[in-house]
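Contents: one structure, followed by commentary.
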Amino acid sequence: MASLRDIKKRIEATRKTSQITKAMNMVSASKLRKVEKKYRSFQPIKAKVKTILEDVISSNPELEHPLLEEREIKKIGYILISSDRGLAGPYNNNVFKYFENVLAEIDKEFIVGTIGFRAYSYCKKRGYPLLNKESINSRDEIKFIDFQAMSRAFIKLYLEKGVDKIEIIYTDFINTLTQTVKKEEFLPITNLIKSDVMVSDYLFEPTTEEVINELLPIYLENTLYGIILDAKTSEHAARMTAMKSATDNAKDIIQKQNLIYNRKRQEQITIELTDIIGGANAVNN
């Protein structure tokens, strides 16, 4: 059975761990507020680009573009978004389990592009074909330019018919307690709705085709950036929840260990008193 010294050491070690997890909880809460504000403020920009694109497409109903057309699926590309670090509860594991379930349901070739060191390490360990040869980190200070190379590489791969469909797997932020792993189609673009606004009388300079050629990659890059902001918000929320849970568990452990310590100390004092009383009786007799 553990000695009083061992119990005291355990209490002190748990208390220090509790202080660390509490500090990490506060840091994650601060980062969550910052990135959530960034995520919310980006949505109108993303929506505006989509609206402009829909209006331009509506001006030419006969317009065709390879990024808009569905084709027979022979090979699928996946963009897998995770965190760079752990200590975020089941955040990364949920993404990987979802991805494994997706792979189990298909019987086609695939290639994976990863964002976040954990996703890169996971896919490399399992020998999955990777688009990126090194990790694309998902740092806390997200910059739009960090992920342009990934989106452009996949757009190029799609246009060259290296893949016939591209899907993004990430964690969608619902609230601080709920985040859901989901899959979203990246290419081909099938979620554009033709606008009722009559723009057919507009003159496009340059041509409609050239405008579309410029707008579609911008729309895709904005889509990926918005999803990464969403995933990063989920990551900080998951880490904040995990660290709060760890702090609460540490407090429970400290409380239980203090109870054990007090009982053991009481037992020791009782034994000492019994010995003293026994010795005193022996002397008196």
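Residues in the range 121-136 that are closer than 23 Å to Ile189 by Cβ and part of a helix (DSSP H, G or I): 0 in all. Taken as a whole, the range 48-64 holds no residue that is under 29 Å from Thr233 (Cβ atoms), under 24 Å from the mean Cα position of the chain (by Cα), of a type outside the set (Gly, Ala, Ser) and assigned to a helix (DSSP H, G or I).
When you go through Ile115, Ile52 one by one, which is the residue that is surrounded by 13 or more Cβ atoms within 10 Å (Cβ to Cβ), in the same structural domain as Glu210 (by TED's automatic domain parsing) and modelled with pLDDT under 85? Outline the logic, then answer.
Numbers: Ile115 fails: modelled with pLDDT under 85.
When all the criteria are applied, what remains is Ile52.
Within the range 143-166, which residues are surrounded by fewer than 18 Cβ atoms within 10 Å (Cβ to Cβ) and either under 16 Å from Leu224 (Cα atoms) or touching a Gly at 6+ places or on another chain (Cβ under 6 Å) (or both)? Selection gives Lys143, Phe144, Ile145, Asp146, Gln148, Ala149, Arg152, Ala153, Lys156.
Condition first: without any contact (Cβ under 8 Å) to a residue 24 or more places away in the chain and over 24 Å from Leu216 (Cβ atoms). Can you find one or more residues in the range 48-56 that meet it? Working first, answer last.
Let us first name the residues in the range 48-56 that are without any contact (Cβ under 8 Å) to a residue 24 or more places away in the chain, namely 48.
After this cut, where a residue has to be over 24 Å from Leu216 (Cβ atoms) as well, the list is none.
For the range 48-56, residues without any contact (Cβ under 8 Å) to a residue 24 or more places away in the chain and over 24 Å from Leu216 (Cβ atoms): absent.
Just one of the numbered conditions (1) part of a strand (DSSP E or B); (2) touching a Pro at 6+ places or on another chain (Cβ under 9 Å) is not true of Arg71: (1). Considering the range 225-278, the residues that are hydroxyl-bearing (Ser, Thr, Tyr) and exposed (fewer than 13 other Cβ atoms within 10 Å of the Cβ) include one that is farthest from Ala88 (Cα to Cα), namely Thr274. State whether one or more residues within the range 177-194 are in a loop (DSSP other than H, G, I, E, B), under 22 Å from the mean Cα position of the chain (by Cα) and either assigned by TED's automatic domain parsing to the domain that holds Glu105 or modelled with pLDDT under 80 (or both). Yes, the range 177-194 has at least one match. Looking at Arg139, is it loosely packed, with under 14 Cβ neighbours inside 10 Å, in contact with a helix residue (DSSP H, G or I) (Cβ under 8 Å, 6 or more places away or on another chain) and not in a strand (DSSP E or B)? Yes; evaluated as a whole, the condition is true for this residue.
Check the range 5-27 and report whether any residue there is free of Cβ contacts under 8 Å to residues at least 60 places away in the same chain and part of a loop (DSSP other than H, G, I, E, B).
No, every residue in the range 5-27 fails to be free of Cβ contacts under 8 Å to residues at least 60 places away in the same chain and part of a loop (DSSP other than H, G, I, E, B).
Filtered by the rule that a residue be surrounded by fewer than 18 Cβ atoms within 10 Å (Cβ to Cβ) and either of a type outside the set (Gly, Ala, Ser) or touching an Asp or Glu at 6+ places or on another chain (Cβ under 9 Å) (or both), the range 25-36 gives Met26, Val27, Arg33, Lys34.
For the range 147-164, indicate whether the set of residues that are hydroxyl-bearing (Ser, Thr, Tyr) and touching a helix residue (DSSP H, G or I) at 6+ places or on another chain (Cβ under 8 Å) is non-empty.
Kept after step one, since they are hydroxyl-bearing (Ser, Thr, Tyr), are these residues of the range 147-164: 151, 158.
Checking which are touching a helix residue (DSSP H, G or I) at 6+ places or on another chain (Cβ under 8 Å) leaves us with 151.
Yes, there is a match, as at least one residue in the range 147-164 is hydroxyl-bearing (Ser, Thr, Tyr) and touching a helix residue (DSSP H, G or I) at 6+ places or on another chain (Cβ under 8 Å).
Of all residues in the range 237-273, none satisfies the criterion of being at pLDDT below 85 and closer than 25 Å to Leu177 by Cβ. Does the range 68-108 hold any residues that are within 18 Å of Lys161 (Cβ to Cβ), of a type outside the set (A, V, I, L, M) and surrounded by 13 or more Cβ atoms within 10 Å (Cβ to Cβ), and which are they? Answer for the range 68-108, where residues must be within 18 Å of Lys161 (Cβ to Cβ), of a type outside the set (A, V, I, L, M) and surrounded by 13 or more Cβ atoms within 10 Å (Cβ to Cβ): Lys75, Gly77, Tyr78. Across the range 142-171, the number of residues qualifying as farther than 21 Å from Asn191 by Cβ, modelled with pLDDT of 85 or more and assigned to a helix (DSSP H, G or I) comes to 2. Close contacts from the range 93-111, counting a first residue that is free of Cβ contacts under 8 Å to residues at least 60 places away in the same chain and a second that is buried (at least 16 other Cβ atoms within 10 Å of the Cβ) and in a helix (DSSP H, G or I), with Cβ to Cβ under 6 Å and a gap of 6+ residues or different chains, come to Phe96/Tyr122.
The values are calculated or read from the model by the stated rules, or taken from the named source; none is laboratory data. None of the values given here were measured: they were computed from a predicted structure. When we count neighbours, we look across all protein chains shown, and the Cβ atoms used for this are built from the backbone with ideal geometry, even at glycine.
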